[in-house]
Structure formats: structure tokens, C-alpha cells
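Working notes, beginning with the structure itself.
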Amino acid sequence: MALFDRNQRQRSSLCSTAAFVVFVALCLLGLWMVSSPETVPGAVSLSSAEKAAAAVKASDAKEEDSSIDATNTVKQDSANVVAESTTTTTGEGGDVLEDPAKPAGDAAKDGDVEKVSASSKDQTFDDENGRTEGGELVKPGSGGGDTDGGAAAQGKSAEEAAVDTEQASTDAKESVAEQASTDTSESSADGKESGGGGMSGKKKLTFDDENGKMDGVDLAVKDDGNKTRVSEESAKVEPAKLTVNPLAKAKPAATATDTDGGEHLPNVQAELLTERAAQNGSFTTQAAESTEEKKKRAASNKHKNHSVKKKKPPATPSTTWKLCNTSAGADYIPCLDNEAAIKKLKTDKHYEHRERHCPTSPPTCLVPSPAAYRDPIRWPHSRDRIWYHNVPHKALAEYKGHQNWVKVSGEHLTFPGGGTQFKHGALRYIDLIQEAAAPPELVDWGRRSRVVLDIGCGVASFGGYLFDRDVLTMSLAPKDEHEAQVQFALERGIPAISAVMGTQRLPFPGGVFDVVHCARCRVPWHIDGGMLLLELNRLLRPGGVFVWSATPVYQKLPEDVEIWDEMAKLTKAMCWEMVARTQHTIDDQVGVAIFRKPVNNNGCYDKRPQKEPPLCEPSDDSNAAWNIKLRACMHRVPEDRAVRGSRWPEQWPERLGKAPYWLDGGQTGVYGKPAPEDFAADMEHWRKVVRSSYLAGMGIDWKTIRNVMDMRAVYGGLAAALREMKVWVMNVVTIDSPDTLPVIYERGLFGIYHDWCESFSTYPRSYDLLHADHLFSKLKPRCKMLPVVVEVDRILRPNGKFIVRDDKETVDEIQSIVRSLQWEVRMTVSKNKEAMLCARKTTWRPKEVESR
């Protein structure tokens, strides 16, 4: 009995202790629940789908009461998404109207979004820039600011936003509770800042550009028929946020993925991101090639070496913008219109006055636009006509109109497709050349012959119509020799540069052009020991042809006969074979002579009875081209089968995607891989970037893009990726970068050497899109960025696009400059220390003019 009582007392004590512990636990649980209302266990509250949906609607209702724009939002824990649900349109005067096809009461329903667990995929929404995944959308205010429209972001449909009862988790419920308490203050603050209401979040976005995921998207999209008005709101957008104007139409596009929930990129893409600043590999630079060539020639010329001499960066001038005050006005090209330097020339016998004479300090003034400038006519219609007020020059039409160069027709300048040598049309003339060649396969437009150099191009109708034969033509002519001829060509959407065959080598590597063409170009090929024709010999690929269509070929005037006799002697001494000569006919009124460059040295070079013109010294680098004086000598033809120039490239278009035969695995590529792998990885990288981001993710209307420049090309990957688009790309290889320009030509593309510390040899308003991949950070040691951005402003058309990829510090600096120019910053993306910027030049010009 005593034992029983003892056990009973023990059990009573245990029960009391257990009850006390349970009581304390319940108290603590209650206290925790009271003190932490935003964290509610799923087993205690909101256990059913109906309660979860009710919580979402309650949260939305609370946000509608407190938010200025009454946008229904819900934030996902991992993706931190704010999706706009109400479709709006713009009425007259810029008023925001609800979608007339949707009842007002549907707004809240469309605002419902799907709750998913942290392991589910990021939410997507569409805006003018395209589809964005896992991003943060900020709706700028509709009032205050001179905004012309943006991208209307839309949330998921009601069906897609239905609550999934099986996946309703603690994280989703926590997100609902958190937003109910935090969105009100955030919305109010952003609404006050934007002047018209809006919502903002705390987390940064990431943008998947196939070059690594980058966070911090700052996007302001306002594309209304490619017309731009300066937006005050876009200048107020805070970094690291995605901003989409709700007044523009939505367009499909690429994705942005949050770092919290994003997947790792393939290794190739991640490596390419870090390889942007890689070594030169086995490639030398144009600066090194040109410098070495100058050292070999004469020590007395060292003081003239402008290509590699370290320039002391000028002091950054004030960003109080002024218009340039020059006699060239809206056509100002700083390195070709340097009147002070031209006046100091001792002679202009060899067209020295048409060559580059860059000012000591690059200009920081802005070139004015023509008074009635309009967006250019789109290709291919632009080949036939352009707006007269964009290039308001009539002299050429009056001088050459009877030869079908150009005519004035109302508010247009029209181009009948003719020229001095092809009055009946360029296409007929192009076919005549192929038919005249023996055999015709020697030319074979668009297969064997892909890259052409047209000397003295006029208005570039020859190159313009060679597009119909899938041929890419680099057209060149001196500025002002015939009024604005190169400017006409660029306005038509035809590649062209302002250059002259004078005293210096043209800025191209040796042996890269399949065909060189000259139609009545008035170049005195035979004088000075044939120095100018020998420059063509340097540029022409072994086995390539020179097509000469000029009066000495088919006319019998004494002067023409004398010139022909001199040319016949010179070309024979150069071992060029004349494969065709067509005489003048009444029907075509032209004659053509076609010469072929030899493919080896044994056949002629080593057997010439006279050694004039002489062979160049073995040390003379045919690729050295930056500020190199012409020399009357011939370079030997490469005969080693592994050396560039010993074989003809693959037929077009096969050559585009194949690494050149002379890139072998023993060479190191620019990004550190064996050269062929480097080439292939670069091509794949840019293919993905263009497909995933540039074509769909930036709100760019590619129908308005024709003239494109890659300001720092490597292998020409961007140009290759854009091949199917109706664009052409000028690939610029900077003189201090690996000299990969021969690779670009080998694959059937074209480009030019340039130093961006100086002005480019083109007219203002020449290009629709400029692309700069890690260019500006490379230039910093040698020159200031401000003059380079001013040069970008000069050559970019109003409403043109500017894409910059560089380190974040550099991109931030560029963004500051373009904002001061009142450009529209459409998007900024950053990850770690890398960043990308997409901006659009506006029509804004300052009122004040600089003093002379």
C-alpha cells in the first residue's frame, strides 16, 4: 500500500511537471506568434488554399489603398517580383486610360499571382524590352517629366496566377505578410520621388546576356516609332532597379534572372565573361607592327610616330555643352577638317590635304544637326532615295545628274543606280564584269569574291547593288572631292569611309580583299614608280583581281593611250596577268580591264629581267598600316601552306563559320584558349548574346537599324551573329588590341584599323548602332573618355542606339556623360565589377555655340 501511494505521488508529480512544461511552451508559442505576425507556421494558419487566396486579396486591397497608382502587386520571396497587372493606353495629351476592353473590376483579379516555393522557377513578365524572369519591376510616374512612352509590363494571367494548393508553402505566406507591411511605405516614397506614383523594391535584378548573369537592371524603355524625346524621369531612376514606363506597348524579349534563384551558366559563357580582358595571345597589335616598321625604315622619323606614343590624357573639360563652330558645320570631321593643319602643308601634290590631320586636343563640342533632319528612310528603300534635308547638298546632282549618280526630286535625293561607267544600272555592269573574266569563276560574285574594295566610289552604287550578289564592299573616297559623296552613301545604308590614296597606306591589313575595283576613279596609278598601284597590290589577296574601268581602257585619245601604255608596262612588271579587256561598245559605253595578282613567286617575281618595281625587304610588314608611308615595292607571296595568303579562303558563306586554316592549335587565342577553340567559343558567345539579349531584350526596333559599328571587334563574332539581319557591321580593330583584323576579313567580313583617341574618318550621323565591348577601359591609360563619347555622339544618328559592355566604374562614368547629353538611358546591367549599358541618342542639341 505504501508502495502504491509512493508510485501515485510520483505519477502525480510527473503529470504536474508535464502540464507545467506544456503550459510554458504554449505561452512561449503564443508570445512568439504575437510578436512575429509576419511569420506564421503553415500548420497553424492559412492551411487551406482558400485562406491563402484570401490573404493575397487582402494584401492587394491594402496596397491599393496606400499606393498612388493602385497597382496590384505581390512579391515573391526569392525572385522579389512586382508585376504590373492593369493594361493601360495613352489618350490624347498623355492621359493614362484603362484598357477599354476590360472592365474596371477586373484589375484586382488580374493582379492575383501564383505563389510558388523557393525552389520553383522565377516569375516572368513582358515589357517593351521583352520577357523578364525573376526581375523587379518599378512603374515610374505618369506625371512630371517629358516622357514619350515606355514599356507596359504585364503580370501573369488569372489562370496562370491561380493559387496552387499543393505548393502553398511557408515562404509564400511569409511573403504575403511581409508585403502587406512594407509595400505601402515603399510605394509612397517612390510615388513622391517620381512625381506620379510608382512602386519600388529593394533587391537588384540580374540580366542573362549569355555572358554571365548580371544584376542591377536599370531599364527605362520609351520607344515610340523610334522617335525620342528627352525624359526627365529616366534621369531620376535609381541604379540597380528595373524601370519600365507603363505607357508603351509590350514587346516580347529576353530574360532577367535574380541571383537568388538563378541557375549557373554554362562554363563557356562564364569564362568568356572573365576573358574580355585577356592577353593578346599569339597576336601582335597594329601599333606594334606599325612602330616596328617605322623603326626599320628610318630613325629620323621617330618624332612622327603618333601610333604608339603614349599620349598624355588631356584635362577633362567642362560638360557645359556647346555646338562646334567650324566652317564644315553639320558635316564636321575633326581629322579631315583641321584647317589650321592643312594650311601649314608645304604641298598637296599627293592629296596631302585630303589625308588625316587630327587636332592636338580632341574636340568636346557637339556637331549640329541639319535644321530639318528626319529619321533616315529604311533599307532597302534608302538605296534608291534619301531625305534631301538630311544631306542638303545639290552640287553633285547638278554636276553628275546626267550620269545618273543622284538627282533632286522634291524632298528626296534619288539614286537611279547609275554612275559614270554604268549609266544603265549597276547590276548590269556587275554582271558584265563577271562575264568578262576568263574564266567567269575567277570573279564568281558571292562565292569566290565576297569582300571588295571600291576606290573612288562616288555615291557607292556599285557597292550598294553588290549586296544583291551577297558581296560586301568597302567603298572609299576623299571628302569634298565630290560634294558629300561618302555621306550620300552612308545615308543610303551603304558602307563607306572618307579616305584618299595619297602618301600613306590605307588602314587595312595586307592581302585581304578578293577584288579591288576602280571605275573612272581618276587615280594616277602609274606615277611615282607605280606607288599607288603597289598599295593595291599590298591589299589584294594573292590570286585576287583588280577591275579597272576607265577611259584609258577603251578610248583612243592621246592622253588615254599614253596612260594605258604606262599601265600595261607597270602591271606586267608587277607580274599581274591581264585576264580580260573589253572594248568600248555603243550599248554599254564602258570597257573593263581585269588583272590578276600572282599566287606564287617562282612564276614571275624571281624571273623578271628588270627588278623594278623592287621586292620589299623581308622585314617590311605588309600588315603594318597605321600612319605608315607608302613605299614603291612589292611583298612576296606567301608560299608556306600554313601561312595566311598561301591559299584562297573557303567559299562564301562557308568561310564565315570556319576558323581560318592558318589558325592552328599551337597558337594562343585572344582569350587564352588554342586559337581555333578561341574562335569557335567567341562565335558561339556572340550568337547567344545577340539571340538572347540584343535582338529581343533591349527594346530595339531592328527594322530601324542598318549601319552598325563594332568599336572594338575581336574575331568579328558580333557581325557574324547579325548576318541574317538586314545590317552591315564595320568591325574596328583598335591599334593597341590584338591584330585580329585579318581573321575578320578571312571569314568574309570587313573592318578597319583605328585609334579611338582620334576622330573616325566618317561623316556625322553615319551609324544607327554603336557597340563597345571593353573599349573605354582600354583607352583610359592613353586618353580621356569624354572626347571619345563626344565622338560617339558625332557619328551616331539621332535616335541611334549605343551599347557599352565594360567594368562597372567605366560604365557608370559613361552613363553620367550620356545623361548630361540628355540621352535616354534605356537599361543598365551590372554583376560584380562588370556592367552593360544601352542608351539612345536624342535629338537634343545645345543652344550655345563655342567661340573660335
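The values are calculated or read from the model by the stated rules, or taken from the named source; none is laboratory data. Nothing here was measured: the structure is a model prediction, and the numbers come from that model. Glycine gets a Cβ as well: all are built from the backbone with ideal geometry, and neighbour counts include every protein chain shown. SASA here: full protein model, heavy atoms, side chains in, ligands and nucleic acids out. Shrake-Rupley method; radii C 1.70, N 1.55, O 1.52, S 1.80 Å.
With label points built 7 Å along Cα→Cβ from the Cα atoms of ASP640 and GLU352, find their separation and express it in nm.
So the label points at ASP640 and GLU352 sit 3.9 nm apart.
Could you tally the net charge around PHE508, taking each other residue with its Cβ under 11 Å from the Cβ of PHE508, Lys/Arg +1 and Asp/Glu -1?
+1
Calculate what fraction, in whole %, of the accessible area of the stretch 339-451 sits on carbon and sulfur atoms when a 1.4 Å probe is rolled over the protein chains.
For the stretch 339-451, the apolar C and S fraction of the accessible surface comes to 51 percent.
Around TYR745, under 11 Å between beta carbons, what's the net of Lys plus Arg minus Asp minus Glu among the other residues?
Cβ neighbours under 11 Å give a net charge of +3.
Could you calculate the contour length gain from CYS27 to ARG647, that is, 0.36 nm times the residue separation minus the distance between their Cα atoms, to one decimal place in nm?
Length gained, CYS27 through ARG647: 214.4 nm.
Of the listed pairs LYS780/LYS841; LYS346/LYS629; LYS349/LYS597; LYS296/LYS784, which have alpha-carbon separations greater than 20 Å here?
Long pairs (Cα-Cα over 20 Å): LYS780/LYS841; LYS349/LYS597; LYS296/LYS784.
May I ask for the Rg/Rh ratio of the stretch 455-514, computed from Cα atoms with Rh as the Kirkwood radius, given to two decimals?
So for the stretch 455-514, dividing Rg by the Kirkwood Rh gives 0.97.
Can you tell me how the stretch 585-708 classifies by the Cα gyration tensor, rounded, prolate or oblate, using a/c under 1.5 as the rounded cut?
Oblate shape, in that a/c is at least 1.5 and b/c is the bigger or equal ratio.
Under a plain spin-label model, where a point goes 7 Å from the Cα along Cα-to-Cβ, how far apart in nm are THR360 and LYS296?
About 3.3 nm, to one decimal.
Please report the antiparallel percentage of the DSSP beta bridges confined to the stretch 402-499, to the nearest 5.
Roughly 25 percent of the DSSP beta bridges within the stretch 402-499 come out antiparallel.
Restricting the count to DSSP beta bridges whose residues both fall in the stretch 510-668, what percent are antiparallel, rounded to a multiple of 5?
55 percent
Over the stretch 730-852, what is the mean sequence separation of C-alpha contacts under 8 Å (at least six apart), divided by residue count, expressed as relative contact order in percent?
Relative CO of the stretch 730-852 lands at 20 percent.
Determine how many Å³ per residue the convex hull of the Cα atoms of the stretch 446-565 encloses.
Taking the convex hull of the Cα positions in the stretch 446-565, it is 115 Å³ per residue.
Give me the percent of Cα-Cα pairs in the stretch 746-797 that sit more than 15 Å apart, rounded to a whole number.
52 percent
Calculated FRET efficiency, LYS322 and LEU345, Cβ-Cβ r, R0 30 Å, to nearest 0.05?
0.55
Given labels modelled 7 Å from the Cα in the Cβ direction, how far is it in nm from HIS389 to MET725?
Distance between the two pseudo-spin positions: 2.9 nm.
Give me the accessible area per residue for the stretch 732-852, probe 1.4 Å, as a whole number in Å².
Accessible area per residue: 23 Å².
What full-extension length gain, to one decimal in nm, is calculated for LYS569 and GLU398 as 0.36 nm per residue of separation minus the Cα-Cα distance?
57.8 nm
Could you calculate the contour length gain from GLU809 to ASP560, that is, 0.36 nm times the residue separation minus the distance between their Cα atoms, to one decimal place in nm?
Roughly 83.5 nm would be gained on extension.
Solvent-accessible area per residue for the stretch 493-542 at a 1.4 Å probe radius, Å²?
For the stretch 493-542, the solvent-accessible area averages 19 Å² per residue.
How high is the relative contact order of the stretch 507-565? Use alpha-carbon pairs under 8 Å, at least six apart in sequence, and give a whole percent.
Once normalised by length, the contact order is 41 percent.
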